[in-house]
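Throughout, read-outs are computed from the coordinates displayed, never taken from laboratory work. No experiment lies behind these values; they were computed from the predicted model shown. Don't worry about glycine lacking a Cβ; one is built from the backbone with ideal geometry, like all the others, and counts go over all protein chains shown.
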Amino acid sequence: MRIILLGSPGAGKGTLADEIVRKYPAAHISTGDIFRENVKNATPLGQEARKYMDSGALVPDSVVLAMMQGRLEQDDCREGFILDGFPRTVPQATALDSMLEELGVKLDAVVLLEASEETVVRRLSGRRVCRKCGAIYNLYFRPSSRGDICEKCGGELYQRDDDREEVVRSRLEVYNSQTAPLIDYYSAGRALVRISSERDGGGSPLEELERALGLVE
Ligand code: AMP
């Protein structure tokens, strides 16, 4: 399965990607996770990326593309990949087109995950992450029963710098100005699948995606 997940920060791309790779053979590639890992390990890439991430800005295309170069050729992508948070600009999308052409593979779908601005602000500003095991909680939707301690491993829960409300607002502005144009880019001549990540009784996002791809009735 080869899929691009589009959608604003907090639309639920990471959660859906995790669900897909639990069920289907595909690598979950989150450029945000790769940058955060590099920030944590204080690599040169992490130090460069951090300058932009802390304020909610995008890391420059040249840095993102250098990092993605060769990534889709790695073994774990042989049966598929779920791109979460990449591409995020039109130049990244055209570069991805070339990468796919070189690899001789085609996308199965470009999925647009949609949620209201109010929901995404609560999802992001309420998100808390375990420092030790990475488990994710939410103050509004899924609080830890142990307050600011992880239920699973006892680690400390923290808020990502870029999940502070003022940074969330600027990430959403960046999304609207730089990433939303990809909706038109991928609508032209390709199948763009729109899925709501807000439950309204219509099934989970994964079920909706499976139906759209003809994987289930
Ligand atoms: P995410 O976890 O996907 O919201 O990404 C966190 C941050 O990493 C973003 O706010 C950007 O600063 C940076 N980032 C992740 N992916 C990209 C990308 N494809 N292009 C530019 N910046 C990115």
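What to note about this one:
- Bins of 10 Å, starting at 0 and running to the largest distance - Cα pair percent for the range 101-181: 16, 35, 26, 18, 4
- For the range 46-144, the relative contact order is 13 percent, taking Cα pairs closer than 8 Å that sit 6 or more residues apart in sequence and dividing their mean separation by the residue count.
- Residue among Gly155, Gly32, Gly80 with the largest mean-square fluctuation in a Gaussian network model of the chain, springs linking Cα atoms under 10 Å: Gly155
- The value of relative contact order for the range 1-106, using C-alpha pairs under 8 Å at least six residues apart, is 40 percent.
- Fully extended contour minus Cα-Cα distance, from Thr43 to Ser196, at 0.36 nm per residue: 51.4 nm
- Shown for the chain is the translational diffusion coefficient from the Stokes-Einstein equation, using the Kirkwood radius over Cα pairs, a temperature of 4 °C and a viscosity of 1.567 mPa s: 72 µm²/s.
- Taking 7 Å steps out from each Cα toward its Cβ at Ala66 and Ser177 produces label points 2.5 nm apart.
- Normalised by the number of residues in the chain, the mean separation of alpha-carbon contacts (under 8 Å, six or more apart) gives a relative contact order of 28 percent.
- Helix-only mean residue ellipticity at 222 nm for the chain, each DSSP H run of n ≥ 4 adding -39500 (n - 2.57), per residue, nearest 500: -11500 deg cm²/dmol
- Solvent-free Debye scattering, log10 I(q)/I(0), computed from the Cα coordinates of the range 8-91 at q = 0.13, 0.24 Å⁻¹: -0.44, -1.29
- Put a dot 7 Å past the Cα of Glu207, heading toward its Cβ, do the same for Arg131, and the two dots end up 4.0 nm apart.
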